[in-house]
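Engineer: Attaching a single structure in structure tokens format; questions to follow.
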Amino acid sequence: YFADTRNGAILVDTTSRALHFWSADQTIYRLYPTSVPLTEDLTRRGRTEVVQKVTNPPWRPTPAMRERNPEWPEFVQGGAPENPLGPFALYLSWQYYRIHGTHDTRKIGRRSSNGCIGLYNEHITELYSLAQVGTQVLLI
């Protein structure tokens, strides 16, 4: 899937609901279970990269999410108990797409997100420490 692992590599397999991580020098490999988008039309596939790492990310539902769920708030502060992004997020070059933690562990292993890839909080904590801005990402 990757010609090389410069800056590290993340492969998200939406079918098996798994995220694979390789460090740039390939001495570290991790495999994490994930949540994936609810439907095919919410699922994005292809190549992107980590463009920002955020601790206690704030949550702003996308316009499409607010249209489907008008009762949702426009903004939730990072670290708030009702914030669905967990303690860390890796922002991708695609607008609105993230790899992030979740406090709702029932979502992992299921089609349960509005587009993002969710991880257990302990797993995003580890991945956040391993991945860097520039890590290449492929969603299949």
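The values are calculated or read from the model by the stated rules, or taken from the named source; none is laboratory data. Owing to the predicted nature of the structure, the values given are computational and were not obtained by experimental measurement. Cβ placement follows ideal geometry from the backbone for every residue including glycine, while neighbour counts extend to all protein chains displayed. Calculation scope for accessible area: heavy atoms of the full protein, side chains included, ligands and nucleic acids excluded. Shrake-Rupley method; radii C 1.70, N 1.55, O 1.52, S 1.80 Å.
Engineer: Across region 30-57, what is the number of residues that are of a type in the set (Ser, Thr, Tyr), outside any strand (DSSP E or B) and either free of Cβ contacts under 8 Å to residues at least 60 places away in the same chain or over 18 Å from Asp13 (Cβ atoms) (or both)? Write out each step before concluding.
Structural biologist: Initial filter on region 30-57 (of a type in the set (Ser, Thr, Tyr)): 32, 34-35, 39, 43, 48, 55.
Among the residues that remain, those that are also outside any strand (DSSP E or B) are: 34, 39, 43.
Those still in the list that are either free of Cβ contacts under 8 Å to residues at least 60 places away in the same chain or over 18 Å from Asp13 (Cβ atoms) (or both) too: none.
Count: 0.
Engineer: Does region 58-78 contain at least one residue that is touching a Leu at 6+ places or on another chain (Cβ under 7 Å) and either assigned to a loop (DSSP other than H, G, I, E, B) or not aliphatic (A, V, I, L, M) (or both)? Steps first, answer last, please.
Structural biologist: Looking only at region 58-78, we keep the residues that are touching a Leu at 6+ places or on another chain (Cβ under 7 Å), and these are 59.
Okay, now just the ones that are also either assigned to a loop (DSSP other than H, G, I, E, B) or not aliphatic (A, V, I, L, M) (or both), so 59.
For region 58-78, residues touching a Leu at 6+ places or on another chain (Cβ under 7 Å) and either assigned to a loop (DSSP other than H, G, I, E, B) or not aliphatic (A, V, I, L, M) (or both): present.
Engineer: Taking Arg66 as meeting all but one of (1) modelled with pLDDT of 95 or more; (2) surrounded by 13 or more Cβ atoms within 10 Å (Cβ to Cβ); (3) farther than 24 Å from Ile10 by Cβ, write down the number of the exception.
Structural biologist: Of the numbered conditions (1) modelled with pLDDT of 95 or more; (2) surrounded by 13 or more Cβ atoms within 10 Å (Cβ to Cβ); (3) farther than 24 Å from Ile10 by Cβ, the odd one out for Arg66 is (1).
Engineer: Just the residues that are in a strand (DSSP E or B) and either open to solvent by less than 50 Å² (accessible area, probe 1.4 Å) or of a type in the set (Ser, Thr, Tyr) (or both), please, taken from region 20-29. Show your work before the answer.
Structural biologist: Pass one, region 20-29, residues in a strand (DSSP E or B): 20-22, 29.
Answer for region 20-29, where residues must be in a strand (DSSP E or B) and either open to solvent by less than 50 Å² (accessible area, probe 1.4 Å) or of a type in the set (Ser, Thr, Tyr) (or both): His20, Phe21, Tyr29.
Engineer: Just checking, does region 99-114 include any residue being surrounded by fewer than 23 Cβ atoms within 10 Å (Cβ to Cβ), within 16 Å of Glu49 (Cα to Cα) and either over 11 Å from the mean Cα position of the chain (by Cα) or of a type outside the set (Phe, Trp, Tyr) (or both)?
Structural biologist: no
Engineer: Within the set of pairs 6 or more residues apart or between chains, which connect a residue that is within 21 Å of Glu126 (Cβ to Cβ) and in contact (Cβ under 8 Å) with a residue 60 or more places away in the chain inside region 101-112 to a residue that is buried (at least 17 other Cβ atoms within 10 Å of the Cβ) and aromatic (Phe, Trp, Tyr) with Cβ atoms less than 7 Å apart?
Structural biologist: Ile108/Tyr120
Engineer: Looking only at region 17-59, count how many residues are aromatic (Phe, Trp, Tyr), in contact with a helix residue (DSSP H, G or I) (Cβ under 7 Å, 6 or more places away or on another chain) and under 17 Å from Tyr91 (Cβ atoms). Outline the logic, then answer.
Structural biologist: Here is the first cut: in region 17-59, the ones aromatic (Phe, Trp, Tyr) are 21-22, 29, 32, 59.
Those left that are additionally in contact with a helix residue (DSSP H, G or I) (Cβ under 7 Å, 6 or more places away or on another chain): 21, 32.
Those still in the list that are under 17 Å from Tyr91 (Cβ atoms) too: 21.
Result for region 17-59: 1.
Engineer: Report the residue count in region 117-139 for those that are assigned to a helix (DSSP H, G or I) and either open to solvent by 10 Å² or more (accessible area, probe 1.4 Å) or closer than 12 Å to Ile10 by Cα (or both). Full working, then the answer.
Structural biologist: Here is the first cut: in region 117-139, the residues assigned to a helix (DSSP H, G or I) are 121-130.
Applying the additional criterion that residues be either open to solvent by 10 Å² or more (accessible area, probe 1.4 Å) or closer than 12 Å to Ile10 by Cα (or both) yields 121-123, 125-130.
Selection size over region 117-139: 9.
Engineer: Counting only residues that are aliphatic (A, V, I, L, M) and over 14 Å from Val36 (Cβ atoms), which one in region 115-136 is nearest to the chain's Cα centre (by Cα)? Step through it out loud before you land on a result.
Structural biologist: So the first thing to find is which residues in region 115-136 are aliphatic (A, V, I, L, M), and the list is 117, 119, 124, 127, 130-131, 133.
If we keep only those that are over 14 Å from Val36 (Cβ atoms) as well, we get 124, 127, 130-131, 133.
Values: Ile124: 8, Leu127: 10, Leu130: 14, Ala131: 12, Val133: 14 Å.
Among those that are aliphatic (A, V, I, L, M) and over 14 Å from Val36 (Cβ atoms), it is Ile124.
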